[in-house]
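The values are calculated or read from the model by the stated rules, or taken from the named source; none is laboratory data. Small disclaimer: the values here were computed from a predicted structure and weren't measured. So basically every Cβ, Gly included, is an ideal-geometry build from the backbone, and we count neighbours across all protein chains shown. With ligands, DNA and RNA removed, areas are computed over all heavy atoms of the protein, side chains included. Shrake-Rupley method; radii C 1.70, N 1.55, O 1.52, S 1.80 Å.
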Amino acid sequence: MRELSLNIMDVAQNCITAKATLVTIIVNESDRDDYLDIYVKDNGCGMTKEQVESVTDPFYTTRTTRKVGLGIPLFKMAAEQTGGSFSIDSTVDVGTTLYAHFIKSSVDMTPLGDVNSTVKILIQCNPTLDFVFTHRTDIGEFTLDTRELREILGADVPLDTLDVLQWIDGYLKEQSNIIYGGANNEIFS
């Protein structure tokens, strides 16, 4: 994939297919220490040890609509080609955690892409599910937790309403500006 945010979207869709009600996405990046780490964790149905061992094989998929599953194998390849690493930990009836470690200075580093739009689209298309998105850089961090939004908004306001989505979009842009050191300019306008 051309951007890691698209890999995140693909993995999150797998979480949703696994009947997760909570998907946690964490992006940790450091220019100082030359890494980008991505975690995607869910509370879905989980996988057996055999499924975990097979999931990085492009010719293994649980989908019935096609016989090839390239999302996770491509994500693993993207991490490893930078000199990084990739792992999946899963327990049946508990959930799955995927971890990808990238070396940012590698010539083979895939750009992160628009992870904010990925998170917003996930919330918009799955308004009954909960998402926790945390993004950390050398400068700072922020978290968007839909459970907190639900608590503030109450049960009568769905997360996929235009006003809520506009607020989410603005919040993600504002916080990204801050953690990338651009609080006084428009990096993500």
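Taking the criterion of being open to solvent by 10 Å² or more (accessible area, probe 1.4 Å) and over 10 Å from the mean Cα position of the chain (by Cα), the residues of the range 14-28 that qualify are N14, I16, T17, A18, K19, T21, L22, N28.
Scanning the range 144-189 for residues that are modelled with pLDDT under 95 and open to solvent by less than 20 Å² (accessible area, probe 1.4 Å) returns a single hit, G182. With respect to the conditions (1) at negative phi; (2) outside any strand (DSSP E or B); (3) modelled with pLDDT of 95 or more; (4) crowded, with 16+ Cβ neighbours inside 10 Å, R32 falls short on a single one, namely (4). Of the residues making up the range 79-136, those that are in contact (Cβ under 8 Å) with a residue 60 or more places away in the chain, assigned to a loop (DSSP other than H, G, I, E, B) and closer than 30 Å to L162 by Cα are P111, L112, G113, D114, N126, L129. Selection within the range 35-61: residues that are among the hydrophobic types (A, V, I, L, M, F, W, C) and surrounded by fewer than 19 Cβ atoms within 10 Å (Cβ to Cβ). The member of this set that is modelled with the lowest pLDDT is F59.
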